[in-house]
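Novice: I have a structure I would like to understand better, so I am pasting it below and will then ask my questions one at a time.
Derivation of every value follows stated rules applied to the coordinates shown; laboratory data play no part. Predicted model only: the values in this text are computed from it and were never measured. Glycine gets a Cβ as well: all are built from the backbone with ideal geometry, and neighbour counts include every protein chain shown.
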Amino acid sequence: MFSSDDKIKKEEEKLKESQKVFGYVFDNTTLLNIYKFFHNGYLERFEFPIASGKESIVFAASKGNKFFAVKIYKVTASNFKNIREYAASRWGIGKISSKRKLMNEWAFREFENLKNAYEAGVAVPRPIKVYGNVVQMQYIGTKTRPAIQLKDIEPSQQIVEQIIGDIRKLYLKGKLVHGDISEYNFLYYRGKAYMIDIAQAISNDDPYSLILLKRDLNNIIRFLNKFGYSLNIDSVMKYVKGEIDAFR
C-alpha cells in the first residue's frame, strides 16, 4: 500500500511495527485514513505508541519539530455492543450494525466534543483533524514521554480548583457533561490537568445529564478527598451548575 511514495511507505512500516507493541493490526481502511493525514500535510511521521484501550490506540506523531497525538478507534472494538447501545440511546442515531460506521461516528463525536470544550475554555487537547476513525489532536507531554495521568500525582489546591472549574465550564459554556470523569481521564502536565476521552459526552439538556454529572463529580471528589480535601458533592454540584459562585 502507498508503494509509489517511499516516505509514506516507510511510515506505514513503522506504524505496523508499532502495532505489534499492542498486539493489534489495523485494517486497510484505517491505514487509508491514516494516510490522508500524511498526504494532506497534517503529519510527517509516527514517533511512538502512547496508550491502548478497549476502544482505541493512541500514538505520538509529528510534523517537523511539532508533536501531535493520533487517536485511532478500533474497528474491532471489544465493547462494540455497549458503544452501539449508548449511541442509540444518547445520540438518537438508531442501532448501527456496521462497526466501521459507528467507530467513525465515535471519532467524530470525540473531535466535536473536544472542539466545544476547547472553545469553552476547558483544558483539553486541541482538536486538529478527523478522518474516519482517526483523530489528530494536540499532544500533551515531552518529545520522549507523554504526560502522566492525574492518578499519579498528589493534586494541589490549584489543580482541584482548575478541575472543578473546567467541569463547570464544560457544563455552562460547552453545554456538555463528560459522562466518564475520573482520575484516569485527566492528564497532568506542567501544572495543569487536561481533560481527555470525551467522545461519550452528552448535552447538558439530555434527560440523563444531571445523573451523569453527579456521577462524574462523585468520582472526582472521591479521588481528590483522598488527599485531605473535604469537597462536598452538594456544594460542588451547585457550583458546576452555576447556582453559586464558589464551592467547598
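Novice: Which whole-Hz couplings ³J(HN,Hα) result when phi for each residue of the stretch 172-179 is put into the Karplus expression 6.51 cos²θ - 1.76 cosθ + 1.60, θ = phi - 60°, listed in order with x for Gly and Pro?
Specialist: Karplus-based 3J(HN,Hα) across the stretch 172-179 equals 7, 9, x, 6, 10, 10, 4, x Hz.
Novice: Follow-up. Once label points are set 7 Å from the Cα along Cα→Cβ at both Ser156 and Ser203, what is their separation, rounded to one decimal in nm?
Specialist: Placing both labels 7 Å beyond Cα along the Cβ direction yields 3.9 nm.
Novice: On full extension of the chain, what length is gained from Lys175 through Ile233, given 0.36 nm per residue of separation minus the C-alpha to C-alpha distance? Write down the numbers at each step before the final one.
Specialist: Working: separation 58, 0.36 × 58 = 20.88 nm, distance 2.03 nm.
So the extension gain works out to 18.9 nm.
Novice: Give, in nm to one decimal, the length gained when the segment between Glu44 and Lys129 is fully stretched (0.36 nm per residue of separation minus the Cα-Cα distance). List each step's numbers first, then the result.
Specialist: Values: separation 85, 0.36 × 85 = 30.60 nm, distance 1.44 nm.
Between Glu44 and Lys129, full extension yields 29.2 nm more.
Novice: Through the Karplus equation 6.51 cos²θ - 1.76 cosθ + 1.60, θ set to phi - 60°, convert the phi angles of the stretch 204-219 into ³J(HN,Hα) values in whole Hz; use x for Gly and Pro.
Specialist: 6, 9, 5, x, 9, 4, 6, 5, 6, 4, 5, 5, 4, 5, 4, 5
Novice: Now a separate question. Taking R0 as 22 Å, what's the FRET efficiency between Lys214 and Arg100 from their Cβ-Cβ distance, rounded to 0.05?
Specialist: Details: r = 34 Å, r/R0 = 1.57.
Computed FRET efficiency for Lys214 and Arg100 comes out at 0.05.
Novice: Next question, about the same structure. For Lys192 and Lys226, FRET efficiency with R0 = 25 Å and r from the beta-carbon atoms, rounded to 0.05? Each step should come with its number before you reach the end.
Specialist: On the way: r = 20 Å, r/R0 = 0.82.
Using R0 = 25 Å, I get an efficiency of 0.75.
Novice: Quick one: what are the phi-derived ³J(HN,Hα) couplings along the stretch 187-198, Karplus 6.51/-1.76/1.60 with θ = phi - 60°, whole Hz, x for glycine and proline?
Specialist: Result, ordered by residue: 9, 10, 8, 6, x, 9, 9, 10, 6, 10, 6, 10 Hz.
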